[in-house]
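Below is one structure, written out as structure tokens; the observations come after it.
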Amino acid sequence: MKTLLILAALMATPFAQESKPHSHEGEVLDRTVTERVTPVAGGTIVAMNVNGLVCDFCAIAIDKVFRREAGVADVAVDLSDKIVVVALEPGTDIDDKRLEKLINNSGYDLVSVKRGVAAS
Amino acid sequence: MRKRLYVWAALALIVTSGGLQARPVSYPGGWTALWFTDAIGDALWLHYSPTARYSVGFRAERNRDSDFVFYGGQYTRLLKRWNAPGSQANLYLNTGAGFAFDTEGDDFTPRGSALGSGFLGVQADWETRRWFASYDVRHLVIDGRPDQFVQKLRLGVAPYIAEVGDWHLWFMVEGAHRDENEDRFSVTPLLRLFKGPLLLEGGVSDRGEFLFNAIYRF
């Protein structure tokens, strides 16, 4: 009973509000974002703002989940900026819905997505 | 005693089968090996997360105070995760069943017949890159033995903010209350070191008892 009361109290605590991710397409991304990954010539770079990133276990989860996805060439997680950067192979893309699912499956919440290319 | 085990099993089923939002214990397809040593004993867990929401695994533990060993299956479900821009909080349910055997002194060779055993626990934590707090409670039942109730509260602070792949250092303090044959309180200051898939913790309690924990994800 003691355990159940604690459980109920913790679950009732409002902690963070979830929001739908929004996407920005096709721009030239800032070098500070793109230099985190090794881009593939002609490939898109996806930069995602993600909630819940606090430790190396978070980074490992994101890395493992994204590297299994077809078309992913490189992945980087920055805990300070709370972003996940993914370099894609040329001719491939991952839509926002799929990105959100991959982030959710890793255990985190997607806030926003930017797609673009590295500055030449 | 058997009736109590059935009640636990039913409660665990109700909580874990509901439409509760859950997150992975590890990432899908990830394994976690955990070793815990504290004032009263040692425990080894080996967990696999088939999906993003739960893990199943094996748990072995030996209790130096109450002279028993336990072997059984364990199920851990992430009931709820709160992700915020600079923090993460989690609520886990942890339950399992197996067999316990009597032991004698420092000899952990199982003796006598297998005793039916089960446990139910809840763990909650909140973490930023600077601060950490957790609470953990567990109730263990062994057929024919007194119930065991353990609760732990832990607070921590990171003296510096480390990036991915760096060594992360935490100063922590853990308060534990064990209600076994008698109430017992202990306070353990400890250090946590964390790099990539490896997490190590070590400390000495106010009673001079050693704590060592290790977690590895693969």
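The values are calculated or read from the model by the stated rules, or taken from the named source; none is laboratory data. Here the structure is a predicted model, which means the values were calculated and not measured. Glycine gets a Cβ as well: all are built from the backbone with ideal geometry, and neighbour counts include every protein chain shown.
Before moving on, here are some points about what is shown:
- Checked against the criterion of being under 27 Å from B:Phe194 (Cα atoms), surrounded by 19 or more Cβ atoms within 10 Å (Cβ to Cβ) and out of contact with any helix residue (DSSP H, G or I) (no Cβ under 9 Å at 6 or more places or on another chain), the candidates A:Val75, A:Val54 yield just one match: A:Val54.
- Screening B:Lys80 against (1) within 14 Å of chain A (Cβ to nearest Cβ); (2) buried (at least 22 other Cβ atoms within 10 Å of the Cβ); (3) in contact (Cβ under 8 Å) with a residue 60 or more places away in the chain leaves a single unmet condition, (2).
- Test: residue in the stretch B:158-168 that is hydroxyl-bearing (Ser, Thr, Tyr), out of contact with any helix residue (DSSP H, G or I) (no Cβ under 9 Å at 6 or more places or on another chain) and under 30 Å from A:Val77 (Cβ atoms): yes
- Single residue of B:Arg154, B:Arg145 found to be surrounded by 15 or more Cβ atoms within 10 Å (Cβ to Cβ) and without any contact (Cβ under 8 Å) to a residue 24 or more places away in the chain: B:Arg154
- Residue satisfying all of: in the stretch B:170-187; within 13 Å of chain A (Cβ to nearest Cβ) and either over 30 Å from A:Arg36 (Cα atoms) or out of contact with any strand residue (DSSP E or B) (no Cβ under 6 Å at 6 or more places or on another chain) (or both); modelled with the lowest pLDDT among these: B:Asp179
- The numbered conditions (1) under 28 Å from B:His168 (Cα atoms); (2) out of contact with any helix residue (DSSP H, G or I) (no Cβ under 9 Å at 6 or more places or on another chain); (3) surrounded by fewer than 19 Cβ atoms within 10 Å (Cβ to Cβ) are all true for A:Pro90 except (1).
- Any pair with Cβ under 6 angstrom, 6 or more apart, that starts in the stretch B:106-119 at a residue that is more than 24 Å from B:Thr95 (Cβ to Cβ) and ends at one that is among the acidic types (Asp, Glu) and surrounded by 10 or more Cβ atoms within 10 Å (Cβ to Cβ): B:Arg111/B:Asp102; B:Gly112/B:Asp102
- Residues satisfying the stated conditions in the stretch B:101-120, i.e. touching an Asp or Glu at 6+ places or on another chain (Cβ under 8 Å), modelled with pLDDT under 95 and among the small types (Gly, Ala, Ser): B:Gly105, B:Gly112
- Residues in the stretch B:84-92 include at least one that is free of Cβ contacts under 8 Å to residues at least 12 places away in the same chain and facing chain A (nearest Cβ under 8 Å).
- Options B:Gly29, B:Gly98: the member that is farther than 29 Å from B:Val173 by Cα and either in contact with a Pro (Cβ under 8 Å, 6 or more places away or on another chain) or among the charged types (D, E, K, R) (or both): B:Gly29
- Residue match in the stretch A:61-68 (condition: on the phi > 0 side of the Ramachandran plot and either touching a residue at least 60 places away in the same chain (Cβ under 8 Å) or within 12 Å of the chain's Cα centre (by Cα) (or both)): no
- Matching residues, the stretch A:72-96, being over 16 Å from A:Val50 (Cβ atoms) and assigned to a loop (DSSP other than H, G, I, E, B): A:Glu89, A:Pro90, A:Gly91, A:Thr92, A:Asp93, A:Asp95
- Every residue from the stretch A:98-120 that is over 12 Å from the mean Cα position of the chain (by Cα) and either free of Cβ contacts under 8 Å to residues at least 60 places away in the same chain or part of a helix (DSSP H, G or I) (or both): A:Ser120
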